[in-house]
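To start, the structure itself, in C-alpha cells.
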Amino acid sequence: MAKIVVLGAGIAGHTAALILRRRLAKEHRVTVVSPNRLWNWIPSNIWVGVGEMTPEEVTFELAPVYKRLGIEFRRAKAVELHPEGSAASPKPFVVVESTAEESRGERTEEVYDYLINATGPSLNFGATPGLGPDANTVSVCTFSHAAHAAKALAAAIARMREGKPQTLLVGTGHGGCTCEGAAFEYVFNLEFELRRAGVRDKARVIFLTNEAEIGDFGVDGMRVQWRGYSVPSKVFAESLFSERGVEWITGAHVEAVEPGRARYMTLDGAKGEVAFDFAMLLPPFLGADIRAFDRAGADITSELFLPNRFMKVDADYSPKPYEQWKASDWPRTYQTPKYPNIFAAGIAFAPPHPISKPRQAPDGTKISPAPPRTGMPSGIIARAVAQSVADMIEGAPGPTHEASLAEMGAACVASAGKSFWRGTAASMTMYPVVPDYDKFPGEGRDPDYTFGEIGTAGHWIKHILHFMFLYKAKALPGWWLIPE
Amino acid sequence: MSSKTPTDHARGSMTPSPRALFARTFLPFQLWHFVWINWRMIRMIALSHPRRRAPSPR
Ligand SMILES: Cc1cc2nc3c(=O)[nH]c(=O)nc-3n(C[C@H](O)[C@H](O)[C@H](O)COP(=O)(O)OP(=O)(O)OC[C@H]3O[C@@H](n4cnc5c(N)ncnc54)[C@H](O)[C@@H]3O)c2cc1C
C-alpha cells in the first residue's frame, strides 16, 4: 500500500489527484491537502472581475467530489517538509496546519510515500508598497478578489454615469510579474463593459506592463501566422489596443501605489506617475512558504527550493546569459534531484530561467516578465507526474512520463468581451511554449501551430472551455476523456 | 521611449478594415472559424500531452 500526498487543489494538484485515483488500485491512498474548501476555475475570474459571472459560477465544493472518488481531503496548508522523516518518525512527512473553522491553526503530520507539490503561486502584494486589495488596487487572482474588483468597477461606472470622467489602470504591479495574459484579457473585458454601459467616452483606459513590448506575454513574444503573414504578437496586440483606444505603458516597474496614484519607473530609467480612479494591478508571484528539514532537524529549504520558494526539479539551474538558454534547460519529469519520491507540478516548480529576454533599468531594477505556467501546461505537467508516480508505485524504477515546456504548446483564449453574439476573444496558440531555436531555426516555434485570430468563435470556445473544465474538475461521467 | 501617447499608438499600429471588423462577428464566417480554431487547437493539444520516456530513465 502506498500513500500519495498532493499539496494543493488547483489546476495541477486536482488534476494529479484525479488521475492517480482513477489509475491506482483502491488499496493505495491519495490525500489532497489544500487550504481552500472550493475549487476555482481561475481563468473565468476575469468575468467575475467585470461582474459578468458570480463567484458561485466559477467554483464548487471539493469535499463531496473527493468523498465520491475515495480521495482523502485535508483542509490545511503545508508548512514544513521532512523528506527524510525525523528521529521520531522514520517515514517522510509534511507538517500541515488546519484552515478548517473547527480546527484552525492545529498542526498535524501527513506521512507519505510520494509527494506532489502543486501549491501554485503565493500572491506577493507586499513586493510593492500600496499594492493589493487590502491597500489601493484590486486584483482578479482569486474569485473573492475578482468579486471585489467587480464592485469597484461598478462604482467607477456609476460615477461615469453621473458625468465624472474616470481613469482606469490595468496591468502588472511590479517589474517581476508574470501572467500578463490575464491583465491583457481583463483590460479588454473592462473596456467592453464600459462600452456596454454607455460610458466609454468618460473613461481613459491605460494598460501598464512590465513587458518590454505588449504581446510579449512572458514568452519573449511570438510570431503568429495570420492571413499569409508571420506577424509579431506585438503588432497583433498593439492593433487590439489602438482599436479600442487603450493607451499603454511598457517596460514599467510599479514602485509604489498611493490612494489614486501609481508611481513607476520604465526601462529607460524615466520615472512616471498615473493618477487613477480604479486600478487592477497583478502582483508578482512567490512559491508557497514551506520550510524543509532533514532527519536531524537542520534546515534544508535551500536544497529543495530556490530563493523565490519554487521547488527545484530536474532542470538545469546553472546561471547562463540569455544567448545560451536552451530548450534542454527545462525540466522533463519534475522529479526533485535529491528526493526521487518528491515531484512539483504546475506553477510550484522552479523554472530554470525566464523565457523573455531579461531587461533592467539603468539603476539595476529588473523589469521583465517571469515565465508563465498557464493552465494547460500546469494540467499536462500534473498528468505526466501522476502517470510517473502511478508507474513507480507499480514497480517502475523512475519517472516514466515527461512533459517539457519546450515540447508542449499552450492555447490561450483571451476574452475581449462576454456576449454570445457581440463578444469576441483572441485565440492564440503557440508551440512550443519555450522556444527551441535548434528545432525551429529563426522563430523558435512551429509556424503551423502558432497562430492568432480574433472573433466571436473565440468567445464561444472560451465559454465552452469554462463549462468543460468545470465538468472535468467535478469528475462527472467521462471526465478523463477531456484533455488538459 | 517606453511610454507613448495615444496619438503615437494610433499612428504606429495596424488597424482593422471595416471588412475585418464585420467578419469578427459574422455568423457563417465565425462558425467556420469555430471549427478551424478547434481543429488547430486539438492538433496542438494532442502534440503537447505527456509522452512515455525511453525505457531507461535518467
Ligand atoms: C486572473 C487569471 C486568469 C488566468 N487565465 C488563464 C487562462 O485563460 N488560461 C490559462 O491557461 N491560464 C490562465 N491563468 C493561469 C492559471 O490559472 C494557472 O496557470 C493555474 O491556475 C496554475 O495551476 P496550479 O495548480 O499550479 O496553481 P493554482 O491553480 O493556483 O493552485 C494552487 C493550489 O495550491 C493551494 N495551496 C497554496 N499554498 C498551499 C500550501 N502551503 N499547502 C497546500 N496547498 C496550498 C492553493 O490553495 C490552490 O488550491 C490565469 C491566471 C489568473 C490569475
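Points to keep in mind about this one:
- Any hit, region A:51-73, residues being part of a strand (DSSP E or B), near the ligand (Cβ under 10 Å from one of its atoms), over 30 Å from residue A:196 (Cα atoms) and not aliphatic (A, V, I, L, M): no
- Boolean, residue A:115 is more than 14 Å from every other protein chain (Cβ to nearest Cβ), part of a helix (DSSP H, G or I) and within 13 Å of the ligand (Cβ to nearest atom): no
- Residues in region A:21-48 that are within 14 Å of another protein chain (Cβ to nearest Cβ) and within 15 Å of the ligand (Cβ to nearest atom): there are none.
- Summed over region A:2-19, residues that are near the ligand (Cβ under 6 Å from one of its atoms) and under 13 Å from residue A:112 (Cβ atoms) total 1.
- Scanning region A:8-23 for residues that are of a type in the set (A, V, I, L, M) and touching a strand residue (DSSP E or B) at 6+ places or on another chain (Cβ under 7 Å) yields A:9, A:16, A:17, A:20.
- Of residues in region A:18-41 being in a helix (DSSP H, G or I) and in contact (Cβ under 8 Å) with a residue 60 or more places away in the chain, the one surrounded by the fewest Cβ atoms within 10 Å (Cβ to Cβ): A:22
- Residue within region A:402-410 that is buried (at least 18 other Cβ atoms within 10 Å of the Cβ), more than 16 Å from the ligand (Cβ to nearest atom), polar (S, T, N, Q) and within 28 Å of residue A:324 (Cβ to Cβ) present: yes
So that you can scan it fast, the table gives a plain yes or no per residue for (1) outside any loop (DSSP other than H, G, I, E, B); (2) on the phi < 0 side of the Ramachandran plot; (3) not charged (D, E, K, R):
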residue: A:255; (1), (2), (3): yes, yes, no
residue: A:265; (1), (2), (3): yes, yes, yes
residue: A:269; (1), (2), (3): no, no, yes
residue: A:273; (1), (2), (3): yes, yes, no
residue: A:280; (1), (2), (3): yes, yes, yes
residue: A:289; (1), (2), (3): no, yes, no
residue: A:307; (1), (2), (3): no, yes, yes
residue: A:314; (1), (2), (3): no, yes, no
residue: A:319; (1), (2), (3): no, yes, yes
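- Failed criterion for residue A:133 (all others in (1) away from the ligand (no atom under 14 Å from the Cβ); (2) more than 14 Å from every other protein chain (Cβ to nearest Cβ); (3) in a loop (DSSP other than H, G, I, E, B) hold): (1)
- Taking chain B as the range and being small (Gly, Ala, Ser), within 30 Å of residue A:387 (Cα to Cα) and modelled with pLDDT of 85 or more as the test, the residues that pass are B:46, B:48.
- The criterion of being under 22 Å from the mean Cα position of the chain (by Cα), away from every other protein chain (no Cβ under 14 Å), surrounded by 24 or more Cβ atoms within 10 Å (Cβ to Cβ) and within 15 Å of the ligand (Cβ to nearest atom) does not hold for residue A:172.
- From A:445, A:422, residue being modelled with pLDDT under 95, buried (at least 23 other Cβ atoms within 10 Å of the Cβ) and in a loop (DSSP other than H, G, I, E, B): A:445
- Residue within region A:357-379 that is at pLDDT 95 or above, in contact with an Asp or Glu (Cβ under 6 Å, 6 or more places away or on another chain), part of a helix (DSSP H, G or I) and within 16 Å of the ligand (Cβ to nearest atom) present: yes
- Enumeration of residues in region A:208-241 that are in a strand (DSSP E or B) and either within 11 Å of chain B (Cβ to nearest Cβ) or modelled with pLDDT of 95 or more (or both): A:208, A:225, A:226, A:229, A:231, A:232
- Residues within region A:268-289 that are surrounded by fewer than 22 Cβ atoms within 10 Å (Cβ to Cβ) and farther than 15 Å from residue A:130 by Cβ, tallied: 8
- Test: residue in region A:308-329 that is surrounded by 14 or more Cβ atoms within 10 Å (Cβ to Cβ), polar (S, T, N, Q), within 16 Å of the ligand (Cβ to nearest atom) and over 21 Å from the mean Cα position of the chain (by Cα): no
- When residue A:337 is tested against (1) away from chain B (no Cβ under 14 Å); (2) part of a loop (DSSP other than H, G, I, E, B), only condition (1) is not met.
- From A:433, A:413, residue being within 12 Å of the ligand (Cβ to nearest atom), part of a loop (DSSP other than H, G, I, E, B), of a type in the set (A, V, I, L, M) and farther than 24 Å from residue A:4 by Cα: A:433
- Tabulated pairs, region A:411-429, first within 7 Å of chain B (Cβ to nearest Cβ), second in a loop (DSSP other than H, G, I, E, B) and within 11 Å of the ligand (Cβ to nearest atom), C-beta under 9 angstrom, 6+ apart or interchain: A:411/A:374
- Selection of region A:377-409 for residues being under 19 Å from residue A:13 (Cα atoms), hydrophobic (A, V, I, L, M, F, W, C) and more than 7 Å from chain B (Cβ to nearest Cβ) yields A:381, A:382, A:385, A:386, A:389, A:390, A:392, A:393, A:405.
- Taking region A:179-215 as the range and being of a type in the set (Asp, Glu) and either touching an Asp or Glu at 6+ places or on another chain (Cβ under 7 Å) or farther than 20 Å from residue A:121 by Cβ (or both) as the test, the residues that pass are A:180, A:191, A:193, A:201, A:211, A:213.
- Reported count of residues in region A:76-99, each being in a loop (DSSP other than H, G, I, E, B) and either surrounded by 13 or more Cβ atoms within 10 Å (Cβ to Cβ) or free of Cβ contacts under 8 Å to residues at least 60 places away in the same chain (or both), is 10.
The values are calculated or read from the model by the stated rules, or taken from the named source; none is laboratory data. As the structure is a computational prediction, the values presented were derived from the model and not from experiment. All Cβ positions, glycine included, derive from the backbone under ideal geometry; neighbour counts span all protein chains shown.
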